[in-house]
1. So Thr296 clears everything in (1) over 25 Å from Glu209 (Cβ atoms); (2) touching a residue at least 12 places away in the same chain (Cβ under 8 Å) except one condition, right? Which one?
2. Within region 43-88, track down each residue that is out of contact with any strand residue (DSSP E or B) (no Cβ under 9 Å at 6 or more places or on another chain) and either part of a helix (DSSP H, G or I) or under 25 Å from Val110 (Cα atoms) (or both).
3. Return yes when Leu248 is more than 16 Å from Gln313 (Cα to Cα), surrounded by 13 or more Cβ atoms within 10 Å (Cβ to Cβ) and not assigned by TED's automatic domain parsing to the domain that holds Gln168 and no when it is not.
4. Take region 281-301 and flag every residue that is at pLDDT 95 or above and either of a type in the set (A, V, I, L, M) or not in a strand (DSSP E or B) (or both).
5. Would you call Pro123 closer than 13 Å to Pro74 by Cβ and not hydroxyl-bearing (Ser, Thr, Tyr)?
6. Report the residue count in region 185-211 for those that are assigned by TED's automatic domain parsing to the domain that holds Ile141 and touching a Gly at 6+ places or on another chain (Cβ under 7 Å).
7. Restricting to region 123-153, and then to whatever is assigned to a loop (DSSP other than H, G, I, E, B) and out of contact with any Ser or Thr (no Cβ under 7 Å at 6 or more places or on another chain), can you tell me which residue is modelled with the lowest pLDDT?
8. Which members of region 311-324 meet the condition of being part of a loop (DSSP other than H, G, I, E, B) and under 16 Å from Ser218 (Cα atoms)?
Amino acid sequence: MFCFEKSSLARVRAAILPTLLGMSGIAHAQAPATINVGDGPFEIEGPITEVTPSSISVMGVSIYVPPTVVVTSPTATVTLEQLRGAPLPGRYTDQPGFMGGTAIITGNVVGGSYEAATVFAEPAENVLRGPLSCTYPSMRIGGISCGDGVELSMLTDERMPAGPIKNQFGFAINPASLQVGTFAAVEGYYGNADGVMHVHAMEITGNAELAQPTAQVSVMRADCRVRGGGKDELEVLGGVTNGTGAPLAAGSQVSLTLAQRAGTTRTLTASVIASLDSPGFGTYTLKATNLRFDATAGCPTAVSVSSLINNTQVASPSVGVVAR
């Protein structure tokens, strides 16, 4: 079985918070009341309808993008010019860049004008899950033979390049070791011109060879909430491998040191849960609900988790934290 999910981003949540002034009494039909829209935060998610050198329109709402604002795609930093540039692979030639795709923008209404603080854009959010019916480099999902199913193409476009194919523990694998029947989940967009799934992220579940058969620590997710009063929260999930395929050492742990208020630090630790199906691999969850992050800086921007593996201290790459 496989499934092909179309984006849930069709739901549009425009959380615009204006202050309405000058609304005393009921207006007559021939003389409608004047509404003054006050300043305040906004959030908008919807189709990209226009892009200029300094603005982006979503559902017809024009939003100024200051030069200092970083515009991102699922895997890269992009410019407004790139958003309206050459067609992405697999899309019709009359469909420039990300036009018609989805943007999520937050910011503030200033003097009646919309000004962006964060901008995220993608051509579509399509998800495909199922067993591989054909393996690397001609990968397909959903068929009963190598010629069936949806063809996959790993994106190389600089506006949204694919990352390495990873296993369920967050480690890059050797694509050539993939086998027919391996369960895979991919994210990207379905090409309306070529009928190919253009992939920017792919995860497999199974025992494919590691790209680097060494001891490693991964961070697959890091979420943070600032609640104040010594109740700030952080949750980090990831994986551990010794790179040998031998069982993990009993009592394996991971640790993470965080900066706190007034120059203090706090170290979190968690046990590694060894996988029963994949020897040499394990998972961890670091969680705390009584932290005191700096009142101005708020959540940490990134974290790195370490573990003592094979008598060597190994640290994960630094991974960005999502502030909730």
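1. Going through (1) over 25 Å from Glu209 (Cβ atoms); (2) touching a residue at least 12 places away in the same chain (Cβ under 8 Å) one by one, Thr296 breaks only (2).
2. Pro53, Pro67, Thr68
3. no
4. Answer for region 281-301, where residues must be at pLDDT 95 or above and either of a type in the set (A, V, I, L, M) or not in a strand (DSSP E or B) (or both): just Leu286.
5. yes
6. 9
7. The qualifying residue modelled with the lowest pLDDT is Gly147.
8. Scanning region 311-324 gives Ser316, Pro317, Ser318, Val321.
The values are calculated or read from the model by the stated rules, or taken from the named source; none is laboratory data. Not measured: the values here are computed from a predicted model. Don't worry about glycine lacking a Cβ; one is built from the backbone with ideal geometry, like all the others, and counts go over all protein chains shown.
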